[in-house]
Structures are given as structure tokens and as C-alpha cells.
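This report concerns only the one structure given below.
The values are calculated or read from the model by the stated rules, or taken from the named source; none is laboratory data. The shown structure was predicted, so the numbers you read here are calculated from the model rather than taken from an experiment. Glycine also receives a Cβ, built like all others from the backbone with ideal geometry; neighbour counts cover every protein chain displayed. Surface accessibility is based on the protein's heavy atoms, side chains included, excluding ligands, DNA and RNA. Shrake-Rupley method; radii C 1.70, N 1.55, O 1.52, S 1.80 Å.
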Amino acid sequence: MFSLSNLVGNLKQIEEGFKETALKLGRETKLYFDLNYFEDVLLAGKWDEGQNYISGFTSIGDNRYSAKIYFEIRKQKFLEELDMDNRAKALDILIKDLKVFSSWNEELFSEMTRLLTIKNIREHPLLANYKDANFARSIVVEEIKKVIVANPVFHGTLKCPSMALSVETTVEDRSVISLKRRLCQTSNEVASTITNVLPGNVVQILKVDSSPVTIDFHPIWHTLLLVGTDIGNIGLWDVDSGERIFCKNYRIWGVGASSINSRIDAHDGSVNDLAFSSLDDNKLLVITCGDDKTIKVWNASNGANRYIFEGHDAPVCSICPHVKQHVHLIVSTSIDGKIKAWLYDSLGARVDFNAPGHGYTTLAYSVDDQRLFSCGTSRDAEPYLVEWDESEGYIKRMYKGLKKPCFSTIHFDSNHKGFLAAGDDHMIKFWNMDSVELWASTAFDAELHENPCICFNNKGTLLAATAKEKKIKILTVDDILRKRNEIPPIPNPGILHETLTHTQSSLLIDTCAGVANEDIPMNGRQKGLEGDGRSNSIEGSHKRSRFANVSEICGPSQCQVLQLPYHPKISKIVKLSYTNAGNGILALTSNGDHLLWKWPHNNLNLDGKATAQVSPHIWQSRTGLQLMSNILPADSQNGDPVSCFSLSRNDSYLVSTSGGAISLFNMLTFKTVTTIIPPPPMATCVAFYPRDNNIVAVGMDDSSIIIYYARTNKIISKLEGHSKRVTSLAFSNVFELLISGDMNAQIFVWNSNGWGKHKDRYLLIPGLGVAEVASETYIEFHRDQKQFLVVRNNHLAIYEPADLRCVDQWVSKVPVFISQATFSSDCLAVYACFVDGTVAIFDTLNFQMRCRINPSAYFSTVPSSSIYPFAIAAHPGKPTQFAVGLTDGRVFVFEPHNQYDWSGFNLHNKQPINTTIAGPSNVGG
């Protein structure tokens with residue numbers, strides 16, 4: 001027994017000796033860098049050993065990639081010593097190891113020096129999310145691995161080289177090579193598997209006219225790709241030849257039985273996803289979902305609408321048709337994280353459960369329809385890819401390897417070989433369905449979008465991925481496109497076109513969308529307002545602006561009004577916004593404090609959304625904080641600072657400023673993540689870029705606009721052209737535009753795909769009742785993002801972005817000033833508040849005032865000239881609900897008694913009902 005133990009011990013020593021020799025051989029010859037060994041060393045915290053190993057391949061001065069590797073190793077070593085309170089050792093690392101990087105980034109080195117004075121490193125804003133050493137190491141190692149792969153020094157060294165044994169090879173050399181082959185065997189097997197089953201070769205690049213937002217291969221002809229773009233174009237491509245069969249700007253209309261001219265949009269708002277499917281009758285179906293919270297099923301051959309599914313409380317973002325045991329169903333998800341399953345009947349959802357973190361998620365079944373997966377982002381920006389037990393509604397498996405944090409939609413798909421693919425971090429990442437570890441990744445020098453849209457064909461032999469510059473890359477396992485015998489014959493393109501453009505049925509395709517100019521196609525509402533704004537139609541609009549039968553609300557009994565709980569530190573409300581989930585209201589005060597109210601989810605409020613019938617709570621973060629506070633400028637005592645904020649789409653992050661530096665807050669902890677762009681010049685407005693929440697547009701006091709990229713902490717563009725302070729910014733996804741307004745009533749249109757200036761003009765306001773004075777210009781896009789609202793202190797107007805043509809406007813007939821205005825969530829109304837305490841409701845069809853809420857309806861005391869509504873916000877999902885913030889710090893929520901109308905004005909039929917006329921008001925209709 002003793003001898004056997006000795007033998008085992010000796011064999012282990014020999015094995016360790018072989019490993020050490022193999023590592024030494026690879027290091028000395030620079031032929032093979034063992035990335036797995038290097039990763040294990042770093043994860044174990046053996047920083048010196050790791051640095052010693054990599055020093056055999058590269059040094060700090062070789063290039064910026066190498067410098068980055070050394071910096072990350074030494075930085076983590078420094079942070080771990082600080083976290084263990086070994087300050088003397090940390091100081092030694094700072095002086096000996098990190099000072100060499102100070103000339104490259106003096107500010108960062110100063111911040112690291114400041115850490116020596118902080119008791120807990122997590123008190124620093126940039127380290128607020130630092131959990132422990134193991135967690136931090138895993139993040140650092142992943143970052144270093146990416147840098148190594150990108151570093152030219154390591155090209156050709158990350159794969160085990162092939163060797164032939166010569167007669168002269170010694171026994172020791174043979175042992176080393178044998179061990180080396182064994183060490184490389186697993187990675188070679190993985191590489192071989194990837195080559196055989198996963199698409200990795202780019203064989204075709206499609207150039208699309210506008211940015212693709214959804215793609216799907218045909219279920220039968222697996223080289224036909226359907227592409228939907230951000231401006232409503234739907235095109236069919238043959239990826240074999242690279243030719244576009246056709247592309248049209250489609251609008252799908254459902255038609256009533258009585259007349260072919262009675263037309264309704266397929267979805268009220270954006271169409272967010274589409275998919276092919278079929279029932280037992282084998283008729284091809286197209287399934288769509290949209291912002292109107294519905295799922296609709298269409299007959300693909302004649303366009304007949306077969307089913308409409310309602311039940312989601314938020315816009316539906318993803319659909320997944322499925323057949324289980326001969327039962328056809330559709331699984332859908334909405335942006336609030338709800339997952340529902342529907343049968344093809346009218347009995348409602350059969351399954352209802354929540355996605356991880358109640359965040360945005362997309363669904364897909366495996367090719368054999370046996371396994372359900374979802375991929376998305378939680379509200380705290382944690383990405384996830386999971387497998388579900390669909391019967392019980394619990395998560396069976398959570399896959400690793402997605403980049404954190406994530407602020408965009410992650411697209412994923414599966415193939416018949418048992419692999420999952422996801423577009424993440426400018427790459428396509430692959431997993432074996434039965435293993436949570438990342439299997440492989442495919443990169444194309446960052447040519448793909450940060451989170452590209454991807455799609456396998458039915459055979460799993462082709463993979464399409466969206467790329468920058470409006471391209472789609474087609475990847476294949478091998479030269480499958482040349483194997484013509486594997487491709488079913490494609491029908492005549494004319495037949496395919498005829499199928500989708502069958503205008504003699506109840507599916508009407510509008511392919512005659514107007515084009516305002518050669519760059520930006522337009523489908524917006526036309527109302528005959530042409531030219532520079534001086535036409536007779538503008539004057540006619542102005543004359544129509546006085547609507548005699550304005551419905552008046554004069555007492556609290558005529559509507560539902562709720563005053564939100566008051567906080568003693570709250571002063572004048574300068575900005576107000578609902579959360580995107582619709583369950584809370586965020587306010588920014590003139591002293592730089594933010595306050596968040598959230599509604600409870602209980603028996604009195606079943607959906608947990610904001611309502612005037614149930615009082616919310618002043619929200620307290622996980623850390624116990626109630627307020628988030630901006631940095632105020634030194635002269636803040638001389639008057640209210642210029643304040644602004646913007647919420648990320650998933651309500652996880654807040655960008656805000658009150659005249660000082662811009663702060664980025666974590667909405668879960670209320671802690672400041674970082675501060676950027678301190679004055680001068682002063683930031684005056686901010687807006688998240690909707691395609692990438694890492695990009696923020698910042699309007700400045702010096703009339704410039706800065707485009708800031710948070711991940712690199714760099715300004716990527718500076719836009720100039722305004723002559724006065726920039727006061728508002730708004731993005732349009734549809735046209736890839738940024739609209740900006742300034743104090744001088746000038747509007748600029750910028751191309752967000754390159755940041756070039758497209759057009760500009762001054763607002764022309766006829767027949768003012770008061771002299772025009774310098775005031776903020778506020779801009780807000782319509783829900784369809786094809787028109788935008790402009791608000792000045794005495795002027796409301798709707799413009800189209802392509803040629804900045806005024807569609808309609810309202811100007812007061814009497815001297816009065818507008819504090820703020822906003823679209824209702826369905827954009828059928830505009831809510832506006834005035835400095836005399838009045839709140840007015842306009843319809844957007846004719847831009848006429850329909851309802852007026854007088855101060856007596858919500859003021860418990862006699863209003864004064866210093867107390868009035870200064871900010872207004874509309875609920876994102878309830879068209880008749882809005883809130884106002886007053887100059888004394890109070891916030892009120894308004895709703896009509898009838899959810900569809902405001903005291904007789906029905907937002908849907910635009911007709912005044914039971915109108916009562918009260919005494920004269922200062923606000924002219």
C-alpha cells in the first residue's frame with residue numbers, strides 16, 4: 001500500500017513537472033500562450049505569477065493592448081490589498097507598479113491615490129458595485145482575455161502548434177510534446193466541433209437601405225431572409241446571390257366588412273416583432289406584436305386578420321409561436337417582464353409568469369420544440385440567458401458569459417445541433433444547451449452592432465447578424481451556399497411579391513409613402529401647412545385656436561385629483577417624469593434633490609401602476625436613502641439653477657444635472673455611480689440615445705451639443721450651430737435623427753448616424769398677444785416618432801422632422817404663459833400647464849383646446865402668483881392620466897372619472913359631450 005501511494009505521488013510530481021516544462025517551453029519559444037493556465041492563475045489571485053508568465057510574451061511598452069493587460073493586473077492587486085486594509089502594501093504597489101501609468105492618465109492615478117484615504121473603497125462612486133475579490137477577479141479576467149485576443153502580439157500563439165517528431169527527438173522532448181498535446185487536446189476538440197457545427201465564415205454581406213431591426217429566415221426556402229427596418233421597410237433577400245428580391249415601405253391595414261376604405265393600422269404604434277407560423281390547415285400565418293399591447297395573427301396569403309390577443313399591461317416586445325403535443329400556441333413577452341402563453345382562441349392567456357428581474361426579455365424554443373429559452377436584461381441592467389421549465393414556470397439553467405451591465409436588447413436563437421447563439425458585445429456568442437459555460441464566440445473587429453440582431457435558418461447552416469453601416473452579415477458552417485442540391489428551388493420572385501402585396505384582399509399594403517427629401521422617407525400626417533410657416537393655413541389654424549365649447553373643470557368633484565406625500569426637503573419642482581414602467585413618478589427640485597414616489601401592488605391597486613385612487617409611498621432605496629442629490633454650482637444661491645434629467649429605458653439609471661457636473665445615479669441604490677462634464681460650460685439638457693444607453697446627448701449653455709460615450713468616458717462628437725443655450729433634445733429612432741431647440745426659438749435636425757447637421761429653422765409665431773421674450777424651447781417626439789411637439793412660453797406646435805414643416809399650431813389669443821406641455825401616452829392629446837394655475841387639454845387632430853382644469857379644482861387655498869404648476873408629465877400607459885409639479889414642491893396626479901374622457905371630451909372620438917361653460921379664464925382657447 002505504501003509503495004502504491006509513493007507511485008501515485010511520484011506520478012503526480014512527474015505530471016506537474018511536465019506541465020511546468022510545457023509552460024516554460026511555450027514561454028521561451030513564444031509559440032504557445034496557455035490562456036487557460038493564465039486565467040486560472042489570475043482567478044486564484046496569483047498576480048505575480050501571472051505577470052511573470054505573460055512577461056515572456058510581451059512587455060508594457062509593446063503596444064496599448066499590452067499596457068492594458070499589465071495595468072488591469074496591477075490595479076486589481078492594488079484594490080485587493082486596500083480591501084484587506086493592507087495600506088502599506090497598497091502604497092508600495094501604487095508607487096512601484098502603477099506609477100508607470102500616471103503619465104497616460106493622471107486623473108485616474110490621482111483617483112487611485114485618493115483611495116488610500118478612504119476607509120472602505122466602496123464609498124468611491126466608481127467602486128460602489130465592488131462586491132468581493134472573487135467577483136472582481138472574474139470581471140477583470142474576462143476583460144484581460146478580450147484584450148489578449150485582440151493584441152497582435154498574441155496572434156498565432158493561442159492555439160497549440162502542430163509538431164512532427166524527428167528521429168533525433170529526445171525522450172524528454174517527446175514527453176514534453178506528448179504532454180503539450182494532451183494539454184491542447186480539449187481545446188482542439190472544441191475548435192473542431194465549432195468548425196463543424198457552428199457558422200463562422202462570412203460568405204455574404206447584404207447592404208440594406210435603412211437600419212435593420214428584425215430579421216427572419218423563411219421556414220421552407222432557407223436562403224430567403226425577411227428584413228424589417230426602422231423606417232417600416234420590409235424586404236426579401238436571397239442570401240445565396242446577395243440580391244434583394246424586393247423591398248417596399250409597408251403599412252398593414254385591417255379592413256371592416258362594409259367598405260374597403262375603412263382602414264385601421266395593424267398596430268397602434270410600433271410593430272415590435274414578427275414571426276411565421278401555421279396551423280393544422282397548413283396555411284402560412286404572420287404573427288405581429290406592438291406598442292398597443294396586443295398580438296395579432298394574419299393570413300399571409302390574403303391578409304385576413306384571424307386573431308387578436310389582448311391582456312398584456314405593457315407594449316409586447318417578443319413573440320414565439322410553438323406547437324406542443326399537437327397543440328398550437330403563442331408565447332409572448334412585454335417590456336414589464338411578463339411572459340404569457342395563448343392558444344388560438346378567445347379565452348385569454350393560459351400561462352402568466354415573470355422574467356428574471358421583471359425586465360425586457362425575448363423568447364425562443366429549441367428547433368425540436370422541446371425546450372424554452374429566454375434572454376433579456378433585468379431592471380438593474382443584469383443580462384441573462386436562461387432555460388425554463390415551461391410547465392412549472394421556473395428557471396432550469398442560467399447561462400454565463402454575457403457582458404455586464406447591459407442597456408440594450410439582446411437577440412438570440414438556437415439551432416438543431418443543440419447550440420444557443422446570442423449577439424453581445426459586438427460578437428456572436430455560443431453555448432451548448434446542456435452547459436452553462438460559454439462555449440465559443442465569433443468576433444469581426446467590432447463590425448457588428450453592440451447587440452446585433454441574429455437569426456439561424458431552419459437547417460442551422462446559416463446565421464444572419466446585423467452589422468454597422470446598415471449591413472447584414474451571413475455566416476455559414478462551410479461553403480453551404482454553393483451546395484445547390486441542398487437548397488429547395490425558390491419560386492418566382494413575382495409570386496413572392498404578389499403574396500405580400502395582395503391588395504384585392506383585406507390586407508392593404510400602402511407602398512406609396514411620401515418622401516419629404518432624398519434622405520428621409522416620411523409617412524407623417526399631412527395637414528396642408530407648407531413652406532416657411534407664413535401660409536394662409538397657418539393663419540387659419542391660429543383663427544381656429546379659439547374653441548367656444550371648452551369643457552371647464554372648476555371643482556375637485558369633477559375629476560380625480562391626488563396630492564402625493566410631501567417631503568420636508570422638497571422645494572420647487574422643476575422637472576417631472578413618470579418611470580417607464582408607469583409605477584412611479586420622479587421629481588427634480590430646484591435645490592438639486594430627486595424624490596421618487598412608487599405605487600403599491602396590492603388589492604386596492606391590482607396592476608401596481610400609478611393611479612389617482614391610491615396614494616403612493618416615498619420610495620426608499622435598498623441602501624436606505626430617500627433622496628438623490630445633484631452637485632450644485634457655486635452661485636446656486638443667486639437663483640434656480642438650470643436643471644434637467646433623463647431616465648434609461650429600463651428605469652435602472654438616471655442622468656441628471658442642476659447647474660453643476662452631470663451625475664449618473666443607480667436607481668436601485670440611489671448612489672452616484674459617477675460624475676462627468678463639470679462646468680464651464682454648463683449642461684442644460686440631456687437625453688439617452690435610444691439605441692444605446694451608453695450614449696448620452698448633452699446640450700450646453702455655450703450653444704454646443706456634446707455626444708458622450710459612457711463606457712469609454714469620452715466625448716465622441718461635438719455639434720455646433722446654435723446661437724443660444726440649448727434647452728431641449730429629442731431622438732427619433734425612425735429617422736435616426738436628433739432634434740435640438742434653443743433659447744432663440746431655433747430648431748436643428750442632426751443625423752444620429754454620424755452626427756452631421758441635416759437642417760435648421762427658426763420658429764415663426766404669428767400674431768403674438770404678448771411680446772416674444774427669451775424662453776426655453778421644449779421638444780418631444782410623437783409616439784410614432786414621425787412628428788414632434790414644440791413648446792414655447794406662448795406657443796404650441798407640431799412639426800415634421802424631415803423638412804421642419806409646421807403641421808399645426810396653437811397660439812394664445814390673450815397674454816398668458818405656458819409653463820410646460822407634453823403628449824398623452826397615445827398622443828391623441830396634449831396636456832399643458834400655465835403660470836396662472838390652469839391646466840389645459842388639447843386634441844391633436846385639430847389642435848384645439850377641449851378641456852380646461854381651473855386652479856380651484858386642485859388648490860385647497862387661494863392660488864398666488866408665486867405658486868403654479870411648473871412641470872407636467874403624462875403617464876406612459878394611461879392616456880388620460882397626467883401629473884403636475886408646483887413651484888411650492890407639491891405634486892398632483894389627475895385622472896377623469898371616466899377613464900376615456902376628460903369632463904365630456906372623449907380622447908378617441910374628439911367630440912365634446914355635456915359641455916358646461918364656466919366664467920372667463922385667463923387662458924384663451
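Is there a residue in region 396-411 that is of a type outside the set (V, I, T), in a strand (DSSP E or B), at negative phi and buried (at least 18 other Cβ atoms within 10 Å of the Cβ)?
no
Only one of H617, H594 is within 20 Å of H875 (Cα to Cα) and under 27 Å from the mean Cα position of the chain (by Cα). Can you tell me which?
H594
Consider A304 carefully, then state whether it is in contact (Cβ under 8 Å) with a residue 60 or more places away in the chain and either closer than 22 Å to H411 by Cβ or aliphatic (A, V, I, L, M) (or both).
Yes, satisfied.
Scan region 839-857 residue by residue and report those that are buried (at least 22 other Cβ atoms within 10 Å of the Cβ) and either of a type in the set (V, I, T) or part of a helix (DSSP H, G or I) (or both).
V839, I841, T844, I853, A857 - these are the residues of region 839-857 that are buried (at least 22 other Cβ atoms within 10 Å of the Cβ) and either of a type in the set (V, I, T) or part of a helix (DSSP H, G or I) (or both).
Identify all residues within region 88-109 that are among the small types (G, A, S) and modelled with pLDDT of 80 or more; write none if there are none.
A88, A90
Report, by residue number, each residue of region 81-118 that is charged (D, E, K, R) and either in contact (Cβ under 8 Å) with a residue 40 or more places away in the chain or part of a helix (DSSP H, G or I) (or both).
Those that are charged (D, E, K, R) and either in contact (Cβ under 8 Å) with a residue 40 or more places away in the chain or part of a helix (DSSP H, G or I) (or both): E81, D83, R87, K89, D92, K96, D97, K99, E106, E107, E111, R114.
Starting from region 401-427, take each residue that is closer than 14 Å to F373 by Cβ and list its partners that are polar (S, T, N, Q) and outside any loop (DSSP other than H, G, I, E, B), counting only C-beta distances under 6 angstrom and pairs at least six apart or across chains.
From residues that are closer than 14 Å to F373 by Cβ, the pairs are L420/S414.
Can you name the residue in region 581-595 that is outside any strand (DSSP E or B) and open to solvent by less than 10 Å² (accessible area, probe 1.4 Å) and is also nearest to S648 (Cα to Cα) among such residues?
G582
Scan region 241-291 for residues that are modelled with pLDDT under 70 and β-branched (V, I, T) and jot them down.
I252, V255, I260, I264 - these are the residues of region 241-291 that are modelled with pLDDT under 70 and β-branched (V, I, T).
Condition first: modelled with pLDDT under 85 and part of a loop (DSSP other than H, G, I, E, B). Can you find one or more residues in region 610-621 that meet it?
There is at least one residue in region 610-621 that is modelled with pLDDT under 85 and part of a loop (DSSP other than H, G, I, E, B).
Would you tally the residues in region 328-368 being more than 17 Å from Y307 (Cα to Cα) and crowded, with 17+ Cβ neighbours inside 10 Å?
Qualifying residue count for the region: 19.
Looking at K598, K575, which is the one that is closer than 16 Å to V884 by Cβ, modelled with pLDDT of 90 or more, of a type in the set (K, R) and open to solvent by 20 Å² or more (accessible area, probe 1.4 Å)?
Result: K575 is the single residue among K598, K575 that is closer than 16 Å to V884 by Cβ, modelled with pLDDT of 90 or more, of a type in the set (K, R) and open to solvent by 20 Å² or more (accessible area, probe 1.4 Å).
If the requirement is being crowded, with 19+ Cβ neighbours inside 10 Å, under 22 Å from K145 (Cβ atoms) and modelled with pLDDT of 80 or more, which of these qualifies: Y130, Y53, Y37?
Result of the check over Y130, Y53, Y37: Y53.
Got a number for residues in region 788-802 being in contact with a strand residue (DSSP E or B) (Cβ under 7 Å, 6 or more places away or on another chain) and in contact (Cβ under 8 Å) with a residue 60 or more places away in the chain?
Number satisfying all stated conditions: 2.
Only one of these is under 25 Å from V271 (Cα atoms), at pLDDT below 90, surrounded by 15 or more Cβ atoms within 10 Å (Cβ to Cβ) and among the small types (G, A, S): A802, A730. Name it.
A802
So, V884, is that one at pLDDT 95 or above and either touching a Cys at 6+ places or on another chain (Cβ under 6 Å) or open to solvent by 10 Å² or more (accessible area, probe 1.4 Å) (or both) or not?
Yes.
Inside region 59-74, can you point out the residues that are open to solvent by 40 Å² or more (accessible area, probe 1.4 Å), free of Cβ contacts under 8 Å to residues at least 60 places away in the same chain and part of a helix (DSSP H, G or I)?
R64
Taking into account only those residues within region 103-118 that are over 13 Å from A90 (Cβ atoms) and not polar (S, T, N, Q), which is least open to solvent (accessible area, probe 1.4 Å)?
The extreme case among them is F109.
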